[in-house]
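Participant: Submitted below is the structure of interest, expressed as structure tokens.
The values are calculated or read from the model by the stated rules, or taken from the named source; none is laboratory data. Keep in mind the model is a prediction, meaning the values are calculated, not measured. Cβ sites come from the backbone with ideal geometry, for glycine too, and all protein chains shown count toward neighbours.
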Amino acid sequence: MSDLMFPIESEKKIAPWLESIWAGLDLTVFPNAVLIHGQSGIGKFEFSIELAKALLCESSSEVKPCNQCEACRWFDSGNHPDFVALVPETHRKLLPHGDFDSEADSPKKSKAAQADSDGDGPEKKEKKTIAIEDARSAIEALSIGSHRGGNRVILVYPLEMLRPDSANALLKSLEEPPKNTIFILLADRLDRVLPTIRSRCRLLSAPRPDRLTGLSWLRNQLNKVPGLKMSDADIESIYDEQGGAPYAVLDSLIARHNQDEKDELTIAIQASRYLLQAMSQGPRINWLDAADKTQKARYSVLLTTMQRWVSDLQSCAQLGSPRYYPKHEDSIKALAKEARLPKLLRFWKSLTQARRHENHPLATRIQLEALLSQYQQVFED
């Protein structure tokens, strides 16, 4: 093992199920671009932040990051000049010390983004896409050498949300990488990443934890939240509903605990629960009402809920068991007997096609009405 291999340390912000990936990274032969892909909500983003810090650490110690050198302190303060994060506004709060909390503390914020934030009102929604101005500014800055003479790290997440012009500019940088510049790219959906970008990166597949490990980690994190008490049955139910993604479950439970009715996660939880209640009605679903009551949630969240419900229906129709909603097992098995399998498979295909356009600014309510109306027809001759 190289002296610069990353030892597993308890203080590192690395989820247990990602430690094997961490242990296999070697700074002495680190590629100029890595593409970490895997299910949303399993800790990829937190992993990438720690990786960026390790790559920028200036300590001669075997342990990276050392958390003691000047570079680590700069990184923790959110002001390391050689770290650039291209992320949506929804993820900026996850950067070290709220990297974008104020103009004074956010030197990497583009002029356009600063001007945009100057007019932010209390009701302004955070953008879920990477601003084109930020992407252009970061890519143009690559022609300048690193400020501290070491590595420069560019973090991009989610990679599949880059606009085509930004993706093409990134591709050019990957084809002719600047000296000492390392790209850490993250994607929830590898199939949506340009093949030309994938081919120029070392691919790292981030696994989802097994249920026992994921639940153990989740309970440990929940114990650190003051005043948050929840039964094991409720925790396990939400864990299954979120597809076994511990970080997503943690965020959902904290949002619900804070009772922030305007929080996006709270809206998503409430909408998903209402949608499940509606779909459990099968042929008696009031699809107009369901679309009206859930349309404020992110379309991608609603599609995911529908896909998981239909996946459980298909499983039970073939004498299996529900994976995502075991607490609805009786209802799902009853509906599976009523469902017309060919129609159920066609509906699954419709959901899959809808996922390809889930981030387009189309009318959510109209799309939901069409899909839920088709779902009702699954149970009709």
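Participant: Looking at the range 133-185, which of its residues are farther than 15 Å from Arg198 by Cβ, surrounded by 15 or more Cβ atoms within 10 Å (Cβ to Cβ) and hydrophobic (A, V, I, L, M, F, W, C)?
Facilitator: Listed by number, the residues that qualify are Ala135, Ala138, Ile139, Leu142, Val153, Ile154, Leu155, Met161, Ala169, Ile182.
Participant: So Tyr239 clears everything in (1) outside any helix (DSSP H, G or I); (2) over 17 Å from Leu155 (Cα atoms); (3) aromatic (Phe, Trp, Tyr) except one condition, right? Which one?
Facilitator: Here Tyr239 clears every test but (1).
Participant: Could you check Glu264 against (1) assigned by TED's automatic domain parsing to the domain that holds Gln307; (2) touching a helix residue (DSSP H, G or I) at 6+ places or on another chain (Cβ under 7 Å) and say which number it fails?
Facilitator: Of (1) assigned by TED's automatic domain parsing to the domain that holds Gln307; (2) touching a helix residue (DSSP H, G or I) at 6+ places or on another chain (Cβ under 7 Å), only one is false for Glu264: (2).
Participant: Pick from the range 27-61 the residues that are under 30 Å from Leu212 (Cβ atoms) and of a type in the set (Asp, Glu): which of them is surrounded by the most Cβ atoms within 10 Å (Cβ to Cβ)?
Facilitator: Looking at the filtered set, the residue picked out is Glu50.
Participant: Among the residues of the range 173-180, is there at least one that is aliphatic (A, V, I, L, M) and assigned by TED's automatic domain parsing to the domain that holds Phe47?
Facilitator: Yes, the range 173-180 contains a residue that is aliphatic (A, V, I, L, M) and assigned by TED's automatic domain parsing to the domain that holds Phe47.
Participant: Now a separate question. Could you go through the range 201-216 and let me know if any residue there is hydroxyl-bearing (Ser, Thr, Tyr) and not in a helix (DSSP H, G or I).
Facilitator: yes
Participant: Sort out which residues of the range 352-381 are farther than 15 Å from Ile285 by Cβ and hydrophobic (A, V, I, L, M, F, W, C), and write them in order of number.
Facilitator: Those that are farther than 15 Å from Ile285 by Cβ and hydrophobic (A, V, I, L, M, F, W, C): Ala354, Leu362, Ala363, Ile366.
Participant: Among the residues of the range 272-298, how many are modelled with pLDDT of 90 or more, in a helix (DSSP H, G or I) and not basic (Lys, Arg)?
Facilitator: Result for the range 272-298: 15.
Participant: Look through the range 314-339, keep the residues that are farther than 22 Å from Leu288 by Cβ and in contact with a Phe, Trp or Tyr (Cβ under 8 Å, 6 or more places away or on another chain), and return whichever of them is surrounded by the fewest Cβ atoms within 10 Å (Cβ to Cβ).
Facilitator: Only one residue fits best here, namely Gln314.
Participant: Next up: Answer yes or no as to whether Thr352 is buried (at least 19 other Cβ atoms within 10 Å of the Cβ), under 26 Å from the mean Cα position of the chain (by Cα) and of a type in the set (Val, Ile, Thr).
Facilitator: Answer is no for this residue.
Participant: So, one more: Output the number of the condition that Asp251 fails; it satisfies all remaining conditions of (1) at pLDDT 90 or above; (2) under 21 Å from the mean Cα position of the chain (by Cα).
Facilitator: (1)
Participant: Please return the ranges of helices (runs of 4 or more DSSP H) entirely within the range 82-175 where 1 or more residues are modelled with pLDDT of 70 or more and not acidic (Asp, Glu).
Facilitator: 89-92, 132-140, 164-175
Participant: Hey, does the range 247-264 have a residue that's touching a residue at least 24 places away in the same chain (Cβ under 8 Å) and among the hydroxyl-bearing types (Ser, Thr, Tyr)?
Facilitator: Yes, the range 247-264 has at least one match.
Participant: Limited to the range 33-74, what total is found for residues that are of a type outside the set (Phe, Trp, Tyr), over 16 Å from Ile184 (Cβ atoms) and either touching a Gly at 6+ places or on another chain (Cβ under 7 Å) or without any contact (Cβ under 8 Å) to a residue 24 or more places away in the chain (or both)?
Facilitator: 11
Participant: Next question, about the same structure. Out of all the residues in the range 186-221, which are of a type in the set (A, V, I, L, M) and either closer than 20 Å to Ile49 by Cα or out of contact with any His (no Cβ under 9 Å at 6 or more places or on another chain) (or both)?
Facilitator: Once the filter is applied, which keeps residues that are of a type in the set (A, V, I, L, M) and either closer than 20 Å to Ile49 by Cα or out of contact with any His (no Cβ under 9 Å at 6 or more places or on another chain) (or both), the range 186-221 yields Leu186, Ala187, Leu190, Leu194, Ile197, Leu203, Leu204, Ala206, Leu212, Leu215, Leu218.
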